[in-house]
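Computed from the coordinates by the stated procedures, all read-outs in this text should not be read as laboratory data. Everything numeric here is computed off the predicted structure, so don't read it as measured data. Glycine gets a Cβ as well: all are built from the backbone with ideal geometry, and neighbour counts include every protein chain shown.
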Amino acid sequence: MQHLANYINGQLTAPASGNYIDNYHPATGKVYSLIPDSDSRDVQAAVDAAKAAFPGWAATPAEQRAKIMMKIASLISRDMEKMAQAESKDNGKPVSLARMVDIPRGISNFEFFATAIMHFAAESHAMEDHAINYTLRQPIGVVGCISPWNLPLYLFTWKIAPALAAGNCVVAKPSEITPMTAFLLSELCIEAGLPAGVLNIVHGLGGRAGQAIVEHPEIKAISFTGGTKTGAGLAATAAPMFKKLSLELGGKNPNIIFADCDFEQMLKTTVQSSFANQGQICLCGSRIFVERPLYEQFKAAFVERVKQLTPGDPANDHTRMGAVVSQAHMEKVLSYVELAKEEGGTVLCGGHRVVMEGELREGWYIAPTVIEGLAYNCRTNQEEIFGPVVTIMPFDTEEEVLMMANSTPYGLAATVWTQHLTRAHRVASKIESGIVWINCWLLRDLRTPFGGVKQSGVGREGGFEALRFFTEAKNVCIKL
Ligand code: TXE
């Protein structure tokens, strides 16, 4: 069985403990590789390497840093098929999705920040003819990046690339549930000639390896994407240490459909925004509000389309719906279907595990699920499920739908479907979330600010926001 390795000081290394954790293949429910069970000793080695590499990397001209990052991007591109297969196998997502979204985005993240750093400028403030101030934006030093399992390479590189571009050295931990593409990335960093210690990848459990990163006094900033509860714990540890924190957490995103929308376009996109990646994207719309005159038409057409979306072998090129990431997650998602029934909901389709044939028999598949008849404020409509489960609800007025949309503790993303221009702008401005898509979903421009409000997080990623996060601003004032 394959043993993955940490990437510390430019070398692939075994964990100090000598222990390994099982890594599962969601399509079959079987263990297929082993992950280092790293602890504070491995994190310490990574911090030592990063600290030693920092002066050299920070002093490396931005163009040179960018060249190495572009080389990493081109190596991921060369290995696209291998990476896509690995991502699909590790996560359970359809290989077509990994090919179309996850791996291309990993490449774009490196390319985007490699070029962004060459256009990143700081401000100056003149005080008439008395003085001039200029801002230096300097790398922080050693920073930590911790990422989740739903979009493994995509989110891992979304943090690492701006951190490296800005001149920091990184100690990163991918999710222990999906470590494979981060491991493959470490091999590519060695091939690309990234200097030793600039990027260190420590695999292992959140409570052990992750916690050691968060607690380490010499790691000055943490960029984290994951569950809201984990984020709160992380903040409790890091805040008294005065670390910079960027937290991208959960969501319970509303999808608001007005009767005047472009029906076909809305329907097609709503199936995607509900069930892409088995509903395991923090941006998926899980509460669908439909204006009452359109409700019955929407319900019939939507349920018909969703019924056609049957889970299949993620490795098959034609599969559009794969396995969910773990047995524990499958059980959590199915427990929410039971809760929805207890709360008075009616399951219109799905709502159960799908048992496949042959070697996929033990895999973790859930039939895409649509539920109606629930109150907007019940637990099913307030808590993050993070799986292929959506609820549909009718609404009568703009005020009512805004109240329901804004009623959760979360505020990450929202989608609005309408052809009415001023209403679109009005609703967008009143929704409590960091991102609003109008007549589209997941259309991403990497320059835009990305993040949430309320319990969906703190801080923004993306574009220059990420470069600002990964630098310290220093004002220099010169008296003239
Ligand atoms: O995430 P965790 P989990 C949501 C979703 C999901 C729930 C839990 O609702 O059901 O979170 O998922 C690391 N110190 N999202 O349990 O635990 C962990 O090893 C430092 C939303 O998988 O938050 C992993 O690398 N690190 C989300 C990362 O944190 C710790 C995406 C995320 O794991 C740690 C995923 C600790 N004490 C889940 N504990 C989104 N917003 O996209 C864990 N980790």
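Under a 5 Å amide H to amide H cut-off, with H placed in plane at 1.01 Å, what residues pair with GLY285 once short-range neighbours are removed?
SER274
Place the peptides 429-441, 177-189 in order of packing, highest mean first, counting for every residue the other Cβ atoms within 10 Å and averaging per peptide. Write down the numbers at each step before the final one.
Working: 429-441: 18.2, 177-189: 23.2.
Highest-to-lowest ranking by the protection proxy: 177-189, 429-441.
What is the P(r) of region 399-480, as percent of Cα-Cα pairs per 5 Å bin from 0?
The calculated distribution, bin by bin, is 3, 13, 18, 20, 16, 10, 7, 5, 4, 3, 2, 0.
So for the pair ALA52, VAL458, with labels modelled 7 Å out along Cα→Cβ, what separation do we get in nm?
Each label point lies 7 Å from its Cα, and together they span 3.4 nm.
Divide the volume of the convex hull of the Cα atoms of the chain by its number of residues and quote the answer in cubic angstrom per residue.
Value for the chain: 149 Å³ per residue.
Ranked from highest to lowest mean number of other Cβ atoms within 10 Å per residue, what is the order of the peptides 132-143, 193-204, 348-359?
193-204, 132-143, 348-359
Summing +1 for each Lys or Arg and -1 for each Asp or Glu, what net charge is found among the other residues whose Cβ lies under 13 Å from the Cβ of SER88?
Computed value for this residue: -1.
May I ask for the angle, rounded to the nearest 10°, between helix 152-165 and the longest principal axis of the chain, with both axes built from Cα atoms and the value confined to 0 to 90°?
30 degrees
So if I average 1/r over every pair of distinct C-alpha atoms in region 253-446 and take the inverse, what Kirkwood radius in Å does that give? Can you show the working numbers first?
On the way: mean 1/r = 0.0593 Å⁻¹.
Computed over region 253-446, the radius equals 16.9 Å.
If you look at just the Cα atoms of region 366-412, how large are its Rg and its Dmax in Å?
Here Rg and the maximum Cα pair distance are 11.3, 35 Å.
With the cut-off at 1.5 for a/c, could you classify region 143-292 from its C-alpha gyration tensor as rounded, prolate or oblate?
Values: a/c = 2.67, a/b = 1.82, b/c = 1.47.
It comes out prolate by the Cα gyration axes.
Say each of GLU215 and SER124 gets a label point 7 Å from the Cα, pointing the same way as Cα to Cβ; how far apart are those two points in nm?
4.7 nm
Nearest 500 deg cm²/dmol is fine: what mean residue ellipticity at 222 nm does the chain get from its DSSP H runs of n ≥ 4 alone, each adding -39,500 (n - 2.57), divided by its residue count?
-11500 deg cm²/dmol
Compute the signed sum of charges (Lys and Arg +1, Asp and Glu -1) over the other residues within less than 14 Å, Cβ to Cβ, of ALA122.
+1
Which angle between 0 and 90 degrees, to the nearest 10, do you get for helix 228-238 versus the longest principal axis of the chain when only C-alpha atoms count?
20 degrees
Roughly what angle does helix 103-116 make with the longest principal axis of the chain, taking Cα atoms, 0 to 90 degrees, to the nearest 10?
Computed tilt is about 40 degrees.
Enumerate the amide H contacts of ALA16 below 5 Å, restricted to partners 5 or more residues apart or on another chain; note that Pro and chain-start residues carry no placed amide H.
Correct list: ASP39, ASP42.
Can you give me the Cα centroid spacing of region 376-447 and region 63-127 in angstrom?
Region 376-447 and region 63-127 have Cα centres separated by 29 Å.
Using only Cα atoms, what Kirkwood radius does region 287-348 have, in angstroms?
14.2 Å
Ordered by packing density, taken as the mean number of other Cβ atoms within 10 Å over each peptide's residues, highest first, how do 469-478, 66-75 rank? Please report the intermediate quantities before stating the final value.
On the way: 469-478: 15.2, 66-75: 19.7.
For the peptides 469-478, 66-75, the packing ranking is 66-75, 469-478.
Using 0.36 nm times the number of residues separating GLN327 and HIS352, minus their current alpha carbon distance, what extension gain do you get?
Computed gain between GLN327 and HIS352 is 7.6 nm.
How would ASP22, ASP313, ASP48 line up from fewest to most surrounding beta-carbon atoms within 10 angstrom?
ASP22, ASP48, ASP313
Amide H neighbours of LEU348 under 5 Å, counting only residues 5+ apart in sequence or on other chains, H built in-plane at 1.01 Å?
VAL370, ILE371, GLU372
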